[in-house]
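The values are calculated or read from the model by the stated rules, or taken from the named source; none is laboratory data. Just so it is clear, the model here is predicted, and its values are computed rather than measured. Here Cβ is always computed from backbone atoms with ideal geometry, including for glycine, and neighbour counts include all displayed protein chains.
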Amino acid sequence: MIECLPSGLRLGRCRGASLLQVGKEVFVGTGRESSLALESGSRVAVIGGGPAGSFFSYFVLDIAYRVGLDIQVDIYEPRNFSSFGPAGCNMSGCIISEPLVQMLAAEGINLPPGVVRRGIDSYLLHMDVGNVRIETPLREMRIASVHRGAGPRGMKETKWRGFDGYMLELAVGKGANLISNRIEGVTWDGSRPQVRGRDGVPKSYDLLVGAFGVNTGAQKLFEGSAITYLAPATTKSHIREFLIGEESLDRYLGSSIHIFLPHIPRLDFACLIPKGDFATMCLLGEDIDEELAQSFMKTREFRECLPPEAISQECCRCYPRLNIRGTGEPYADRVVFIGDSGITRLYKDGIGAAYRTAKAAAVTAVFHGISAGDFRDHYWPVCQGFLRDNRLGRVVFTATELIQKRRFARRGLLRTVSNEQKKKGAQRRMSMVLWDTFTGSAPYREVFKRTLHPGLTAGFLGNVAIGCWPSKRGDSGEHKP
Amino acid sequence: MEMSALGKLYRDGDEIVRQGEAGDCMYVIQAGRAEVVRSEAGRESRLAVLQEGDVFGEMALFDREKRSATVRALGEVRALTVDRKTFLRHVHEDPSLAFRILQKMSKRIRDLDAELARRQAG
């Protein structure tokens, strides 16, 4: 149900209802009745052909087919993901987490070797006090490193393809139409959202899905339009690609993701990810800049991980923004925002969050309806789950920061994990906490719950006490080849 | 492309799952072929040959019975495991995740019905 209110109201929450400004009037979608629903012949516009848009299109078409609905899905994506460099790239570290690889396989989406740049079976934690390897529980390649586009700047050819292009192709294979024209604006025709292309002719849709990234500028489409969109709060991260070659990459990084916990202000953590011929460096923290990146690249731990000549062969870099707080309630009647344009996971598993929000929105649209009330009842709980989990994630990262700052705590952490990894059949509580924190394999609430286990606390404190005595670097860990 | 493949590598003749063993995961074949064989009274019969994209061991996701058949690699096979706990947790959050597995199981029941009818007619 839509009620018309006097104009001039500020947008936000109103007694639990979503507000949508249309022209000079503000409508409240109370939406308890599912008067708005997809039917055969309904048209859906998806703005953005990254993972969130492709997942949504794939699943909404799949589920609609299962229930006998014949709907039309148009994906608006001007970029060509087969281009090298920034033109075809969505700028992220891009790891497909262990649970997501499994869930996609269960959905029938298997990531082929032509898309996966390297299968990952372990993490190597680097600190100034030593290194330690954390293996996957089954010693199986269940994490995938991928490039979002075809590959870094300067490349001419590659035997791999980008993840985003692959997913978009799957969505098109399900029946979605790919429209490569740039959108000029989003409007409202009185009862339905409209998308206006360069030809200036608006197209009306029954449902508009925002699936764009925070770095695309697509949010400007909504500026001054009928649909008010509150952009999520972001912070700046850093990604840098080093050309190493497959053989050297194998020797230096192997099939491990290398995590660094250096004590550098504003840097939460850093990682090096092996990908085909490249090593991708990702820095996460508070508004990362070149000065901070240079500080990290001077650390011994980082320099030991790459061949010296490769460090000077950096070929592509960017400072993408990350969604860290989410937008407001990301829906209204006939409108929903998913993935990065809505609410995502803090720092980790952005593609996993894109999958889950896209799937929840698709299920809501087909089975429940497309009113604000339908999205509030069936889509918003998934987003709220992320928001709650991110709050605990901040606690987990604060605890990590406390350990980063104190050498004795770093030594205690290293000893705890090393001992766990050495003993066969031992309870690997700390290893699992670190594994799930850095891989994004489990919600932060589970990581947090595990940290409260008395056995973990006692073991860690014991090793911290031992760590207070000085010892040779790496005596409890391992070293790089 | 070996380093780019997901899952675990099995050599020719390796038993990926063994009849009678407890199972707590499903497998998805990423590359290669595998045969499904069942032993009855010391006699082994081949039930099916699986290939890339096929799943097996999915019954272990829903019941706690022993594996009903052995799956053996025909040449090199790469198979990815899907844990019962991970799968069921996600199905609890999103029941539509089970659609495809139910579709596969439904197809197997249809195939079994057809096979039974064929044997009874013959």
(message) Condition check: more than 14 Å from residue A:76 (Cβ to Cβ), among the aromatic types (Phe, Trp, Tyr), surrounded by 18 or more Cβ atoms within 10 Å (Cβ to Cβ) and more than 14 Å from chain B (Cβ to nearest Cβ). Does residue A:188 satisfy that?
(response) yes
(request) Provide a single number: the residues in the stretch A:415-440 that are under 28 Å from the mean Cα position of the chain (by Cα) and either assigned to a helix (DSSP H, G or I) or within 24 Å of residue A:93 (Cβ to Cβ) (or both). (result) 13
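Which of the following residues is in a strand (DSSP E or B), within 14 Å of chain A (Cβ to nearest Cβ) and either out of contact with any Cys (no Cβ under 6 Å at 6 or more places or on another chain) or buried (at least 17 other Cβ atoms within 10 Å of the Cβ) (or both): B:52, B:76?
That would be B:76, the only listed residue that is in a strand (DSSP E or B), within 14 Å of chain A (Cβ to nearest Cβ) and either out of contact with any Cys (no Cβ under 6 Å at 6 or more places or on another chain) or buried (at least 17 other Cβ atoms within 10 Å of the Cβ) (or both).
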(request) Among the numbered conditions (1) within 14 Å of chain A (Cβ to nearest Cβ); (2) among the charged types (D, E, K, R); (3) in a strand (DSSP E or B), tell me where residue B:46 comes up short. (result) (1)
(request) Just give me the residues in the stretch A:413-450 being crowded, with 21+ Cβ neighbours inside 10 Å and farther than 20 Å from residue A:284 by Cα, in sequence order. (result) A:413, A:414, A:415, A:416, A:417, A:418, A:430, A:431
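Based on what the data block shows, is residue B:82 assigned to a helix (DSSP H, G or I) and either within 11 Å of chain A (Cβ to nearest Cβ) or in contact with a Leu (Cβ under 6 Å, 6 or more places away or on another chain) (or both)? Spell out how you get there, then give the answer.
Details: assigned to a helix (DSSP H, G or I): no; either within 11 Å of chain A (Cβ to nearest Cβ) or in contact with a Leu (Cβ under 6 Å, 6 or more places away or on another chain) (or both): yes.
When the stated conditions are applied, residue B:82 does not pass them.
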(request) State which residue pairs qualify: first residue closer than 13 Å to residue B:26 by Cα and facing chain A (nearest Cβ under 9 Å) and inside the stretch B:96-110, second residue at pLDDT below 90 and in a helix (DSSP H, G or I) in any location, beta carbons under 8 Å apart, and separation of 6 or more residues or different chains. (result) B:101/B:61
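Please return the ranges of strands (runs of 3 or more DSSP E) entirely within the stretch A:79-179 where 1 or more residues are more than 12 Å from every other protein chain (Cβ to nearest Cβ) and of a type in the set (A, V, I, L, M).
Working: elements: A:118-120, A:122-127, A:130-135, A:143-145, A:177-179.
Strands (runs of 3 or more DSSP E) meeting the threshold: A:122-127, A:130-135, A:177-179.
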(message) Restricting to the stretch B:55-71, name every residue that is assigned to a loop (DSSP other than H, G, I, E, B) and either away from chain A (no Cβ under 14 Å) or farther than 15 Å from residue B:108 by Cα (or both).
(response) B:63, B:64, B:65, B:67, B:68, B:69
(request) For residue A:239, state whether it is β-branched (Val, Ile, Thr), over 15 Å from residue A:117 (Cβ atoms), touching a strand residue (DSSP E or B) at 6+ places or on another chain (Cβ under 9 Å) and more than 14 Å from chain B (Cβ to nearest Cβ). (result) no
(request) Could you tell me which of the residues B:16, B:29 is within 14 Å of chain A (Cβ to nearest Cβ), modelled with pLDDT of 95 or more and within 28 Å of residue A:275 (Cα to Cα)? (result) B:29
